[in-house]
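Okay, structure first, notes after.
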Amino acid sequence: MVSQGESTYLIIGSGGMLGQELSRVCQQRGRPARLLLGPEEIDVTNRKAVGKAIEDVKPSVVLNATGYTDVDGAESDPVGADLVNRAGAENLALACRSVGALLVHYSTDYVFDGEALAPYLVQAPTAPQCVYGETKLAGEDAIRAIDVEHLIIRSSWLYAPHGKNFVGSILKLARRRSEISVVTDQIGRPTSCVDLVAMTLDLIDAGARGVFHAANDGFCSWHELAEFIVEKAGEDCIVKPCSTKEFPRPAKRPAYSVLDLEETIRLIGTPPHWKEAVSVCVKQLMSSP
């Protein structure tokens, strides 16, 4: 188990939406952390560069907040997505093994097929339906194939009061339009990056290893989430339901991707409900310039 006093954290991709929260919360909790912003400071697809960066710092914990997250873009750029999501994960795992560091890596609900009728258990069979999901699963497999201490955290529908994400996008649309349409036949767990980081550090402290699911409590459709955002913001905008077929995208999304949180809850307790977390984020966005 990694304890706070003996750990040096290295955050890869600290400039992104998740990386910024990792940096902020580590500082808030008194965790000594080194930050590497992204490709300009460390290219995870370059094995030698990754090895040197980690050898120079010799961290106890490496938090990988990088990723090729353009779900639709990955369909036309499978090589690029694979380089970051699979090869990048493999490079980090090899470098972490060389210095004896714990690798914390983030994965996704998109590793599942979306056909379940109940929340996906950690050990449920995987069957990604898009390139993004395939490359994220390949990253998981690459880490597991290397004898490195690791914690793979699958999460879903991430957002924060900064960066490009669904909550901020809906709020902007609601301010400009009297009516928007949002799909109602995709179900999942919206997850605040703030809460995901808190769960990450709690899982590390609890000695969690292997694969865990981490997301906010409760679940909803994208349409329900959009309605809630508009309501909390007090905007006069109608959120109309539509089907996935009416709003085609290059990448196939899972219709149902609710992650089972039982193992995580047993170890670190129940996370905040998604409505509570979204309310906090909307309030922060409304008060920002």
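The figures follow:
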quantity: Stretch gain in nm, segment Lys48-Arg175, where the contour uses 0.36 nm per residue and the Cα spacing is subtracted; calculated: 41.0 nm
quantity: Dmax and Rg, reported as Rg then Dmax, of region 96-146 (C-alpha, Å); calculated: 12.8, 42
quantity: 11 Å beta-carbon shell around Pro125, net charge (K/R +1, D/E -1); calculated: -2
quantity: Listed residues Glu41, Glu90, Glu21 arranged by accessible area, highest first, probe 1.4 Å; calculated: Glu41, Glu90, Glu21
quantity: Relative packing of peptides 189-202, 219-232 - highest average C-beta neighbours within 10 Å first; calculated: 189-202, 219-232
quantity: The chain - percent of accessible surface contributed by carbon and sulfur, probe 1.4 Å; calculated: 51
quantity: Region 144-204: Cα Rg divided by the 2.2 N^0.38 Å rule of thumb; calculated: 1.55
quantity: Total charge dipole magnitude, the chain, about the Cα centre, Cβ charges on Lys, Arg, Asp, Glu only, Debye to nearest 20; calculated: 560
quantity: Between region 126-158 and region 171-222, the alpha-carbon center distance in angstrom; calculated: 18
quantity: Volume per residue that the Cα convex hull of region 138-278 spans, once the total is divided by residue count, Å³; calculated: 119
quantity: Ranked packing of 119-127, 145-153, 245-253, most packed first, by mean Cβ within 10 Å; calculated: 145-153, 119-127, 245-253
quantity: Pairs of lysines in the chain (C-alpha under 21 Å apart; 8 or more residues apart or interchain); calculated: 17
quantity: Residue-normalised accessible area of region 120-239, given per residue in Å² at a 1.4 Å probe; calculated: 38
quantity: Pairwise label distance in nanometres, Glu276 with Glu55, each label 7 Å out on the Cα-Cβ vector; calculated: 4.7
quantity: Full-extension gain in nm, Asp147 to Gln284, via 0.36 nm per residue minus C-alpha separation; calculated: 45.1 nm
quantity: Net lengthening on full extension, Thr8/Ile265 (0.36 nm per residue, minus Cα-Cα); calculated: 89.9 nm
quantity: Normalised alpha carbon radius of gyration of region 210-289 [divisor 2.2 N^0.38 Å]; calculated: 1.34
quantity: Net charge of neighbours whose Cβ lies under 14 Å from the Cβ of Cys193, counting Lys and Arg as +1 and Asp and Glu as -1; calculated: +1
quantity: Ranked by how many other beta carbons lie within 10 Å on average, peptides 98-111, 73-86 from highest; calculated: 98-111, 73-86
quantity: Rough spin-label spacing in nm, given labels placed 7 Å along Cα→Cβ, for Glu41 and Cys242; calculated: 4.0
quantity: Correct choice for Rg and Dmax of the Cα atoms in Å that was computed from the model, options [x] 27.8, 114; [y] 19.8, 70; [z] 18.5, 56; calculated: [z]
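The values are calculated or read from the model by the stated rules, or taken from the named source; none is laboratory data. Please read these numbers as outputs of a predicted model, since none were measured by experiment. Cβ: placed from backbone, ideal geometry, glycine included. Neighbour counts: every protein chain shown. Surface areas here come from the heavy atoms of the whole protein model, side chains and all, with no ligands, DNA or RNA. Shrake-Rupley method; radii C 1.70, N 1.55, O 1.52, S 1.80 Å.
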